[in-house]
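Heads up, the thing below is written out as structure tokens.
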Amino acid sequence: MAYQALYNKYRPQTFAEVVGQDNIVQTLKNAIHEDKIAHAYLFCGPRGTGKTTMARLFAKALDCQKGLGEQCLACDSCRAIAAGEHPDVVEIDAASNSSVDSVRQLIENVSYQPILSRYKIYIIDEVHNMSTPAFNALLKTLEEPPDFVVFILCTTDPQKIIPTILSRVQRFNFSKVTKKDLVFNLERVLKAEGIEYEEEALEAIATLADGGVRDSLSLLDQLVSYCDGKIRSEDVDELFGLLSRKDEIQLLSQIEKRETALLLKTVREKYQGGMNVLRLHDDLIDLYKDLLILKATREPSLMSKLTKEEATPLLSLPSTALRSHLDLLIQKRRDYRYADSLLSHLELTLLALTQEEEFAPAAQSVPVPRKEEEREEVPPTSAVEIPSSPKEKRKENRQEEEKAFIQYTMKDILNLMNQNNKEERLSVAAKWNKLQDLFFEERGYRAKALYNAKLRLVALDVLVLTSPVLSDLEVLKDLKEQEKLRQLTKEVFGKEYDVLAIRNEEFYEAFGLYKGQTEKTKEGCQIDFGRTKAVKGSTAFFQELMADEAKKED
């Protein structure tokens, strides 16, 4: 006899064997018991959560020869449904039968009476693949089928189904199966197979399955072939390219200690050993999330990966740093689809984590002013000029004042850091999304520059933003955008702010000077935000006019 995959061998044959989905099972059983059977159902949810299996079980309960609602598994009807050979239970794969002609043929057969059973049941799998004309052809039949016909539509993507179909069916949303239920099911299968296992290994499989029963059994099938009589956690790590909990905690520790060289060396060694890059990235997100949860609640039972003993040495990390790193990891996780090399993208992410400095916590303490004669001047660097756009380059031959844009020095940025107002920054950050939305309404596609920028500090009525995208910096330094942002900040925050957008590298360079200061000094900034351009352009005319008026008075 040919080998049978575990997910087929242990497919539920009765409602009692279904893993998870208890609410759906109970609803269907009650509908049968109360004789409230609808003419059409929609089973939707993630893959591997039991939609098609539930449809077959429902068909058994409707057509079992022992009685309505029974699943005896012994009668001809139950055995035929289990084998996929029942003449009155028709399974259709909409992925390969999505045309109007296929639906018309189905409609022609609907009117015929059942051959063996009380109901004629059509199970249409992956129904979202049907074309719109095919859906429209099915509408009337789906709304008013013969009394002996039941339609069960299964899909992973209900959004693709036209609303007129959705309004004609009873919808059941299948959820991902909990990790606890997956582990319970895996234990049941392994006991039936007579295979020993470690509890930690089954938990790792359940995590990899991500709520899918079929996926968990497929992974288990691979492990059974790989292992020698016993499922161990190290076998799971080796086969699926996972790092052990100890290794992941070590990587997190290296990130927080800024051990960049050792961190990259470790990651490359693990990658050569078959490490799954995406899984490691997801695990790092879970680790940081667990630490934040524990710091906020002091309740170890709420953590999903770490134990209290594993998390305790890392609790000294500030919450702001944990949140900042977690935000960065989540943002970078979305970018893997654009990466040519998964390893390179992971390494760049880890570099960003080790180099990222969240400014606000470092500036919490109020600096003690020093006497004027004791202040140490930090030598300013040469003025930092953000590269000009092509449109600005065409103006290079104009007068010097026409070239003036946003001129600032490293000392200006440093002075802003020395006077950063944490409370004001938090207040601005709380309404930051509103500013972005208003800017989008005013500027459309150019507003992406503000969405990509990161608010670093607020001081002296200046919002300092950083961005790695030069084209975004060009937008944010544009005079028209500056003026619009000043108006919008007054509307959103009740106070007008200038916006200084700089490169990440400039901010980190200034931050290095900031950390190197023995004491923080408060000084003003001489930043030209472009408003002097209009003043300079009108100065000559204004002075000439005033001179003429003075002569008249004489």
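The values are calculated or read from the model by the stated rules, or taken from the named source; none is laboratory data. This is a predicted model, so every value here is computed, not measured. As a convention, Cβ positions derive from the backbone with ideal geometry for all residues, glycine included, and neighbour counts pool all protein chains shown. Remember, those area values only see protein heavy atoms, side chains included, never the ligands or the DNA or RNA. Shrake-Rupley method; radii C 1.70, N 1.55, O 1.52, S 1.80 Å.
Of note:
- In the range 518-542, residue nearest to GLN436 (Cα to Cα) [restricted to those that are hydrophobic (A, V, I, L, M, F, W, C) and either open to solvent by 60 Å² or more (accessible area, probe 1.4 Å) or modelled with pLDDT of 80 or more (or both)]: ALA534
- Any hit, the range 221-229, residues being over 28 Å from THR52 (Cβ atoms) and open to solvent by less than 60 Å² (accessible area, probe 1.4 Å): yes
- Counted residues, the range 163-177 - those being more than 16 Å from PHE135 (Cβ to Cβ) and either touching a Ser or Thr at 6+ places or on another chain (Cβ under 8 Å) or assigned to a helix (DSSP H, G or I) (or both): 5
- Test: residue in the range 400-422 that is at pLDDT below 80, more than 30 Å from GLN517 (Cβ to Cβ) and open to solvent by 60 Å² or more (accessible area, probe 1.4 Å): yes
- Here the range 480-517 is the region considered, the condition is being open to solvent by 40 Å² or more (accessible area, probe 1.4 Å) and not in a helix (DSSP H, G or I), and the residue that is nearest to ILE413 (Cα to Cα) is ARG503.
- The condition (being in contact with a Cys (Cβ under 6 Å, 6 or more places away or on another chain), surrounded by fewer than 19 Cβ atoms within 10 Å (Cβ to Cβ) and not in a strand (DSSP E or B)) is satisfied by just one residue among CYS78, CYS72: CYS72.
- Qualifying residue in the range 117-127 (condition: within 26 Å of the chain's Cα centre (by Cα), in a loop (DSSP other than H, G, I, E, B) and of a type in the set (Lys, Arg)): no
- Matching residues, the range 1-31, being assigned to a helix (DSSP H, G or I) and either under 18 Å from ARG171 (Cβ atoms) or among the charged types (D, E, K, R) (or both): LYS9, GLU17, ASP22, ASN23, ILE24, VAL25, GLN26, THR27, LEU28, LYS29, ASN30, ALA31
- Enumeration of residues in the range 265-281 that are open to solvent by 40 Å² or more (accessible area, probe 1.4 Å) and free of Cβ contacts under 8 Å to residues at least 60 places away in the same chain: LYS265, GLU269, LYS270, GLN272, GLY273, GLY274, ASN276
- Test: residue in the range 299-320 that is closer than 28 Å to ARG337 by Cβ, modelled with pLDDT under 90 and either among the hydrophobic types (A, V, I, L, M, F, W, C) or in contact with a Pro (Cβ under 7 Å, 6 or more places away or on another chain) (or both): no
- Selected residue (only one of LEU302, LEU243, LEU262 is among the aliphatic types (A, V, I, L, M) and surrounded by 14 or more Cβ atoms within 10 Å (Cβ to Cβ)): LEU243
- Hits in the range 238-283 (condition: at pLDDT below 90, closer than 14 Å to THR354 by Cβ and of a type in the set (Lys, Arg)): LYS257, ARG258
- Just one of the numbered conditions (1) farther than 26 Å from LEU182 by Cβ; (2) hydrophobic (A, V, I, L, M, F, W, C); (3) in contact (Cβ under 8 Å) with a residue 40 or more places away in the chain is not true of ILE92: (3).
- Meets criteria (assigned to a loop (DSSP other than H, G, I, E, B), open to solvent by 20 Å² or more (accessible area, probe 1.4 Å) and touching a Cys at 6+ places or on another chain (Cβ under 6 Å)) for GLN65: yes
- Some residue of the range 178-191 being assigned to a helix (DSSP H, G or I), of a type in the set (S, T, N, Q) and crowded, with 21+ Cβ neighbours inside 10 Å: yes
- The set of residues from the range 320-353 being assigned to a loop (DSSP other than H, G, I, E, B) and polar (S, T, N, Q) comprises just one member, SER341.
- Taking the criterion of being surrounded by fewer than 22 Cβ atoms within 10 Å (Cβ to Cβ), under 21 Å from THR178 (Cβ atoms) and of a type in the set (S, T, N, Q), the only residue of the range 28-62 that qualifies is THR52.
- Flag for LEU435 being modelled with pLDDT of 75 or more, open to solvent by less than 80 Å² (accessible area, probe 1.4 Å) and not in a helix (DSSP H, G or I): no
- Residues that are over 16 Å from the mean Cα position of the chain (by Cα) and without any contact (Cβ under 8 Å) to a residue 60 or more places away in the chain, drawn from the range 316-338: SER316, PRO318, SER319, THR320, LEU322
- Of everything listed in (1) without any contact (Cβ under 8 Å) to a residue 60 or more places away in the chain; (2) open to solvent by 50 Å² or more (accessible area, probe 1.4 Å), the single unmet condition for LEU470 is (1).
- For the range 307-349, a residue qualifies if it is of a type in the set (Asp, Glu) and over 20 Å from ARG279 (Cα atoms), and exactly one does: GLU309.
- Every residue from the range 307-359 that is of a type in the set (D, E, K, R) and either in contact with a Lys or Arg (Cβ under 6 Å, 6 or more places away or on another chain) or surrounded by 12 or more Cβ atoms within 10 Å (Cβ to Cβ) (or both): LYS308, GLU310, ARG323, ASP327, LYS332, ARG333, GLU347, GLU356, GLU357, GLU358
- Some residue of the range 155-173 being in contact with a strand residue (DSSP E or B) (Cβ under 9 Å, 6 or more places away or on another chain), among the hydrophobic types (A, V, I, L, M, F, W, C) and modelled with pLDDT under 90: no
- Cβ-Cβ contacts under 8 Å between residues 6 or more apart (or on different chains), taken from a first residue in the range 219-244 that is among the polar types (S, T, N, Q) to a second residue that is buried (at least 17 other Cβ atoms within 10 Å of the Cβ), are listed as SER233/ALA201; SER233/ALA204; SER244/SER233; SER244/ASP237.
- For the residues ASP412, ASP437, the requirement of being more than 29 Å from the chain's Cα centre (by Cα) and among the charged types (D, E, K, R) singles out ASP412.
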